[in-house]
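The values are calculated or read from the model by the stated rules, or taken from the named source; none is laboratory data. Please read all numbers here as calculations on a predicted model, not as lab measurements. FYI the Cβ positions are ideal-geometry reconstructions off the backbone, even for glycines, and counts take in every protein chain you see. Side chains included, ligands, DNA and RNA excluded: accessible areas come from the protein's heavy atoms. Shrake-Rupley method; radii C 1.70, N 1.55, O 1.52, S 1.80 Å.
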Amino acid sequence: MSYKEQYELSINNPTEFWGQQAERVEWFKKPETVLSQDDNGIDRWYAGGELNTAYLALDYHVEQGRGDQLALIYDSPVTDSKKTYTYSQLTDEVARFAGVLASQGVEKGDRVVVYMPMVPEAAIAMLACARLGAVHSVVFGGFAANELAVRIDDAAPKVIVSSSCGIEINRVIAYKPILDEAIEISTQKPSSCVILQREQQTCDLVEGRDVDWTEAMASAEPAACTPVQSTDPLYVLYTSGTTGKPKGVVRDNGGHAVAMKYSMELVYDMEIGDVFWAASDVGWVVGHSYIVYAPLLAGCTTVFYEGKPVRTPDAGAFWRVCEEYGVKGLFAAPTAFRAVRKEDPECSMAAKYDLSKLKTIFMAGERLDPPTYDWVSEHIQRPIVDHWWQTETGWAIAGNHMGLEPGEVKAGSVTRPSPGYNVQILDSKGSPVGANEQGSIAIKLPLPPGCLPTVWGDHDRFVNGYLGTYDGYYVTGDGGYLDDDNYLFVLGRTDDIINVAGHRLSTGEMEEVVAGHSAVAECAVIGQKSDLKGEEPLGLVLLKDGVDVDEEELKKELVQRVRSQIGAVASFKNAVVVQRLPKTRSGKILRKVLRNIANGEEYVAPSTIDDPACLAEIEETLNKKGK
Ligand code: COA
Ligand code: AMP
């Protein structure tokens with residue numbers, strides 16, 4: 001089938017299209033319907049079907065004779081260690097860890113928070129939850145105790161799985177004190193914690209609450225796979241919204257399994273036995289979809305890398321790993337390649353390695369800027385595929401589909417919508433606009449399998465935040481346009497979310513933390529362009545009347561505040577005191593124009609502005625201190 005045929009079938013007859021895709025999954029009980037609506041009136045895939053995602057990712061392959069094939073390769077330059085797991089070995093570890101969780105009282109439907117660095121035990125914990133039908137919620141290691149606590153309170157986990165420490169380049173980060181503090185400040189206390197002791201820094205265990213991973217595994221009884229409904233949740237992954245409270249994106253089992261398997265072929269052109277490497281972290285959606293679930297569901301070998309693209313030990317890290325394991329598809333954020341380019345502008349390190357197995361490089365997580373595209377393309381001489389998606393969808397909304405019929409590459413475009421996604425550009429009233437006209441990128445319902453059916457514990461937020469703006473559409477929060485060939489151009493977020501080094505962050509949340517400082521009356525946090533990280537937050541701060549502070553000192557305190565309340569990952573490093581903030585007559589801060597000014601872009605004073613003179617004043621202040 002051509003791209004056009006497949007795409008049209010998926011849009012005109014989604015039931016037939018996704019019914020065919022579901023045939024390729026080994027269900028315990030076949031679905032009764034392909035597409036139906038749940039009690040909330042939300043489209044759901046494969047209702048009545050029963051399956052187990054961990055079975056499909058592991059046991060199934062062993063049964064098919066792939067037990068000795070490598071399932072996971074752990075490569076950790078930060079600890080100078082490597083380890084491999086065959087499908088049989090990984091199945092065994094996961095079954096035993098599921099036994100550990102079961103012995104701690106975890107049952108189908110219970111939540112388990114996983115706060116782990118990039119060690120294989122993180123994947124083992126996730127898959128063990130899936131095996132029991134429990135719902136995992138992985139929290140990225142770069143978040144501070146407060147952020148972890150917010151997620152614990154929302155997910156109300158029975159058990160938390162964590163580790164004594166994580167390693168950042170050459171710095172050990174003690175995870176356990178962060179975990180202890182988070183539990184201390186949360187109201188939903190877990191009944192137990194399973195802690196993986198790492199030799200780089202061990203930790204004390206809390207008696208009666210903490211269980212040692214290794215000891216528990218030594219005596220664990222393997223647990224069987226619990227059948228779950230297709231529509232039962234597999235995981236909750238929190239992502240930044242426009243307010244301080246993160247949103248728990250819910251992923252179901254059935255639609256997810258089908259979408260993961262399909263996308264591994266469609267987008268990444270991966271077949272059984274191929275080696276796939278998503279150089280991300282299990283704390284992000286890329287880690288869930290393309291480090292853990294999709295490669296295993298597709299019978300591939302996944303590379304689990306605990307390191308950075310640079311400084312672990314050098315800018316040849318990507319190429320070394322690609323050679324060593326025969327990586328066929330490499331997926332990373334553009335920022336990672338910008339970091340490599342900065343340290344190795346001529347890409348001389350790549351020439352030292354045999355990259356003959358590497359077929360394609362995939363990028364997502366943030367806009368792929370043309371200079372980065374050109375640099376990688378010129379030096380690596382492989383197709384570079386930009387694809388666009390979000391935590392909410394779990395897989396590519398649009399991309400160049402390497403396993404179907406790759407299209408011509410157009411600079412700045414993420415290529416064409418993936419089958420299943422009826423992508424439309426809407427104007428402010430919700431009417432589709434013509435080709436080449438900019439607007440809000442929306443997806444006409446139904447969303448394809450794998451996309452979120454709700455926000456954990458807050459269905460209204462799902463409806464109001466995503467479905468309520470335009471009747472019959474899911475709004476992505478990104479703006480852009482489709483050209484005459486239906487190629488999609490993504491121009492950036494239309495809300496207060498920024499992308500820093502491929503990490504999605506809420507400026508609203510940072511504003512809440514900055515505004516909490518006793519000297520601050522009001523503030524705006526905006527994304528300022530960064531050559532390395534794409535964007536970095538910049539705080540514009542208005543002091544309370546009569547407050548007299550040293551600006552450098554205040555900046556240090558604000559940086560520390562964001563670091564300790566949100567985490568180092570926010571990369572909040574710059575704050576500037578301003579005399580006024582531009583506002584509308586009704587008192588709303590005009591962040592868009594602030595962004596334009598901070599990035600040296602042309603701007604027009606909005607007609608709603610209260611005091612236009614304030615803009616020149618801000619421009620002058622930022623020119624002096626904001627760079
Ligand atoms: N645990 C604890 N701290 C973490 C962390 C983790 N898992 N991940 C990042 N941090 C810390 C970093 O150490 C850094 O701390 P610092 O301010 O004390 O130096 C801070 O959070 C910011 O991290 P980051 O923005 O990643 O910057 P960096 O300078 O450490 O690395 C890159 C820059 C470009 C090498 C790195 O961001 C990278 O590899 N990015 C790829 C992005 C990615 O995988 N995105 C996922 C979507 S595909
Ligand atoms: P996350 O949910 O963390 O994956 O972030 C999703 C957001 O990242 C999207 O809504 C976009 O704003 C941005 N994004 C992801 N991939 C791309 C891409 N290929 N091009 C442009 N922006 C992207």
Q) Can you work out the FRET efficiency for the pair E184 and A411, with r the C-beta to C-beta distance and R0 = 41 Å, to the nearest 0.05? A) 0.20
Q: Calculate the length of the line joining the C-alpha centroid of the range 194-211 to that of the range 143-173, in whole Å.
A: 13
Q: Add +1 for every Lys or Arg and -1 for every Asp or Glu among the other residues with Cβ under 11 Å from the Cβ of A134, and state the total.
A: +1
Q | Long-range amide H partners of A223 with built H, under 5 Å | A | R96, A98, G99
Q | Net charge of neighbours whose Cβ lies under 11 Å from the Cβ of F304, counting Lys and Arg as +1 and Asp and Glu as -1 | A | -2
**Q.** Cα-based reach from K352 at 24 Å (exclusive), listing lysines while leaving out same-chain residues under 8 positions away
**A.** K82, K83, K308, K328, K342
Q | Cross-link reach list, lysines versus K176, counting only Cα pairs under 21 Å and skipping chain neighbours closer than eight places | A | K158, K189
(Q) Need the full-extension length gain, Q560 to K4, defined as separation in residues times 0.36 nm minus the C-alpha distance. One decimal, nm. (A) 195.0 nm
Q: Starting from the Cα gyration tensor of the range 501-624, take the square roots of the eigenvalues, sort them a ≥ b ≥ c, and report rounded, prolate or oblate (rounded when a/c is under 1.5, otherwise prolate if a/b is larger than b/c, else oblate).
A: oblate
Q | Gain upon complete extension [D80, D483; 0.36 nm per residue less C-alpha separation] | A | 140.3 nm
Q) What residues qualify as long-range amide H neighbours of I173, i.e. H under 5 Å apart, gap of 5 or more or another chain, H built at 1.01 Å from N? A) G166, I167, E168
**Q.** Distance between the range 472-498 and the range 583-627 - C-alpha centres, whole angstrom
**A.** 24
Q: Using the charge dipole of the chain (Lys, Arg: +1 at Cβ; Asp, Glu: -1 at Cβ; taken about the Cα centre), state which of S88, G307, L56 has its Cα farthest towards the positive end.
A: G307
Q: Please work out the C-alpha center-to-center distance from the range 375-400 to the range 503-541 and express it in whole Å.
A: 28
Q. What net charge do the residues around I272 carry, taking every other residue with its C-beta under 15 Å from that of I272, with Lys and Arg at +1 and Asp and Glu at -1?
A. -3
Q. Roughly speaking, what is the stretch gain from E553 to T494, that is 0.36 nm per residue apart minus the C-alpha to C-alpha distance, in nm to one decimal?
A. 17.9 nm
Q.
If you filter the range 561-627 for GluC sites (Glu not before Pro), then keep DSSP loop positions with at most 14 other Cβ within 10 Å, what is left?
A. E601, E602
Q: Rounding to the nearest 20 debye, state how big the charge dipole of the range 501-624 is about its Cα centre with +1 on each Lys and Arg Cβ and -1 on each Asp and Glu Cβ.
A: 460
Q: Return a whole-number percent for the relative contact order of the chain, with Cα pairs under 8 Å and 6 or more residues apart as the contact set.
A: 12
Q. What is the magnitude of the charge dipole of the chain about its Cα centre, with +1 placed on the Cβ of each Lys and Arg, -1 on the Cβ of each Asp and Glu, and no other charges, expressed in debye to the nearest 20?
A. 300
(Q) Quick check: from the Cα gyration tensor, does the chain come out rounded (a/c under 1.5), prolate or oblate? (A) rounded
Q. So what does T214 come to for accessible area, using a 1.4 Å probe and Å² rounded to 10?
A. 80
Q.
Per residue, how large is the accessible surface of the range 501-624? Use a 1.4 angstrom probe and give square angstrom.
A. 48
**Q.** the chain, accessible surface, carbon-and-sulfur percent (1.4 angstrom probe)
**A.** 46
Q: Along Cα→Cβ, 7 Å out, is where each label goes; now give me the distance between the ones at R382 and D354 in nm to one decimal.
A: 1.5
Q: Take the alpha carbon gyration tensor of the range 28-167, find the square roots of its eigenvalues, order them as a ≥ b ≥ c, and report rounded if a/c is under 1.5; if not, report prolate when a/b exceeds b/c, else oblate.
A: oblate
Q. Which of the lysines could be linked to K625 by a straight reach, that is with a Cα gap under 18 Å, when you skip same-chain ones fewer than 8 residues away?
A. K529, K555, K556, K573
Q: Only Lys, Arg, Asp and Glu count, each charged at its Cβ (+1, +1, -1, -1), so figure out the dipole size of the range 340-492 about its Cα centre, rounded to 20 debye.
A: 340
**Q.** the range 103-151 - percent relative contact order, Cα under 8 Å, separation 6 or more
**A.** 43
Q: Calculate, for the range 96-174, the solvent-accessible area per residue in square angstrom, rolling a 1.4 angstrom probe over the heavy atoms of the protein chains.
A: 21
Q: Would you work out the relative contact order for the range 501-624, in percent, from Cα pairs under 8 angstrom that are 6 or more residues apart?
A: 22
